[in-house]
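Engineer: Once you've had a glance at the structure underneath, I'll fire off some questions.
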Amino acid sequence: MIDVRPSQQMRDLGVVQRGAGILAEPARAFDLPAERDEAERVVDELFAAMERIGQVHPFAKGMGLAAPQIGIGRAAAVVQPPGDAPAITLLNPQITTRSDETDEQYEGCLSFFDVRGLVPRPLEITVETTGLTGETVITVYERGLARLIHHEIDHLDGLLYTARMLPGAEPIPVEKYRQTGRAWVYEGA
């Protein structure tokens, strides 16, 4: 049997890989409710991609996927929290406040899944999104879920988690990461 690298596996599942221009560009916001049909189509595509990915890789700590990661330059992302919690759909998300208190945890990204990197993030964020009918929705996320959401919003802003790593920090190969013994990691997009 041929050993397939995790990043190649994600590429085969339709995930755009690091180096592609769309991952470095800010995503275009939806004009809601005028673009409701388009927003629903993009969200459906995100859920379909997450379903494909979830069939080949378990994400016990939750996962997320942003539209640019499947080649769509629009401001949409979906996050599946750990456990049985319902998925979260983010349309035009903006972080409006972040706590001063942070922690540093390993993160992975479906767009370069062969490595993990230590990333400091706020323990609490307030996020403003747009509902399909145009209403503004404000939600506060904490700890692991705040990390998941922040990671996906970064994708919509054209940032990869490596941009958030401390100076001098480098991603480590996934094989080495598995030996760190760190209890919590977000391995989503």
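The values are calculated or read from the model by the stated rules, or taken from the named source; none is laboratory data. Predicted, not measured: the structure shown is a model, and the values here were computed from it. FYI the Cβ positions are ideal-geometry reconstructions off the backbone, even for glycines, and counts take in every protein chain you see. To get the accessible areas, we keep the full protein, side chains included, count just its heavy atoms, and leave off ligands, DNA and RNA. Shrake-Rupley method; radii C 1.70, N 1.55, O 1.52, S 1.80 Å.
Engineer: Looking at D44, D103, D84, which is the one that is of a type outside the set (A, V, I, L, M) and over 19 Å from I149 (Cβ atoms)?
Structural biologist: Values: D103 fails: over 19 Å from I149 (Cβ atoms); D84 fails: over 19 Å from I149 (Cβ atoms).
Criteria check complete, one pass: D44.
Engineer: Quick test of your reading of the structure: P81 fulfils all but one of (1) in contact with a Gly (Cβ under 6 Å, 6 or more places away or on another chain); (2) buried (at least 24 other Cβ atoms within 10 Å of the Cβ). Name the failing condition by number.
Structural biologist: (2)
Engineer: A further question on this structure: Which of the residues that make up segment 1-37 are open to solvent by 30 Å² or more (accessible area, probe 1.4 Å) and in a helix (DSSP H, G or I)?
Structural biologist: If the condition is that a residue be open to solvent by 30 Å² or more (accessible area, probe 1.4 Å) and in a helix (DSSP H, G or I), then Q8, Q9, R11, D12, G21, I22, A24, R36, D37 are the ones that fit.
Engineer: Right, something else. Filter segment 54-77 down to the residues that are in contact with a Leu (Cβ under 7 Å, 6 or more places away or on another chain) and surrounded by 24 or more Cβ atoms within 10 Å (Cβ to Cβ) and list them by number.
Structural biologist: Those that are in contact with a Leu (Cβ under 7 Å, 6 or more places away or on another chain) and surrounded by 24 or more Cβ atoms within 10 Å (Cβ to Cβ): G64, L65, A66, A67, P68, Q69, A75, A76, A77.
Engineer: Then there's this: Has segment 153-166 got any residue that is assigned to a loop (DSSP other than H, G, I, E, B), at pLDDT below 95 and either within 22 Å of P82 (Cβ to Cβ) or open to solvent by 50 Å² or more (accessible area, probe 1.4 Å) (or both)?
Structural biologist: Within segment 153-166, one or more residues are assigned to a loop (DSSP other than H, G, I, E, B), at pLDDT below 95 and either within 22 Å of P82 (Cβ to Cβ) or open to solvent by 50 Å² or more (accessible area, probe 1.4 Å) (or both).
Engineer: Kindly indicate whether I95 is of a type in the set (V, I, T), in a strand (DSSP E or B), under 16 Å from the mean Cα position of the chain (by Cα) and surrounded by fewer than 20 Cβ atoms within 10 Å (Cβ to Cβ).
Structural biologist: Working: of a type in the set (V, I, T): yes; in a strand (DSSP E or B): yes; under 16 Å from the mean Cα position of the chain (by Cα): yes; surrounded by fewer than 20 Cβ atoms within 10 Å (Cβ to Cβ): yes.
Yes.
Engineer: Shifting gears a bit: Could you please give the count of residues in segment 98-119 that are within 18 Å of G64 (Cα to Cα), out of contact with any Cys (no Cβ under 9 Å at 6 or more places or on another chain) and open to solvent by 10 Å² or more (accessible area, probe 1.4 Å)?
Structural biologist: Residues in segment 98-119 being within 18 Å of G64 (Cα to Cα), out of contact with any Cys (no Cβ under 9 Å at 6 or more places or on another chain) and open to solvent by 10 Å² or more (accessible area, probe 1.4 Å): 5 in total.
Engineer: Among the residues of segment 123-137, write down those that are at negative phi, touching a residue at least 60 places away in the same chain (Cβ under 8 Å) and open to solvent by 20 Å² or more (accessible area, probe 1.4 Å). It would help to see each step written out before you state the result.
Structural biologist: As a first pass, look at segment 123-137 and keep what is at negative phi: 123-133, 135-137.
Keeping just the survivors that are touching a residue at least 60 places away in the same chain (Cβ under 8 Å) gives 130-133.
Across segment 123-137, the qualifying residues are T130, L132, T133.
Engineer: Here is a further query. May I ask you to list the residues in segment 52-76 that are more than 18 Å from G21 (Cα to Cα) and assigned to a strand (DSSP E or B)? I'd like the intermediate steps shown before the answer.
Structural biologist: Taking segment 52-76 as the starting set, the residues that turn out to be more than 18 Å from G21 (Cα to Cα) are 52-64.
The answer is M63, G64.
Engineer: Need pairs with beta-carbon distance below 8 Å; first residue touching a residue at least 24 places away in the same chain (Cβ under 8 Å) and within segment 26-38, second in a helix (DSSP H, G or I) and among the charged types (D, E, K, R); sequence gap 6+ or separate chains.
Structural biologist: Note: pairs meeting the criteria are F30/E38.
Engineer: Looking at (1) over 13 Å from the mean Cα position of the chain (by Cα); (2) on the phi < 0 side of the Ramachandran plot, which is the only condition Q80 fails?
Structural biologist: Unmet for Q80, out of (1) over 13 Å from the mean Cα position of the chain (by Cα); (2) on the phi < 0 side of the Ramachandran plot: (1).
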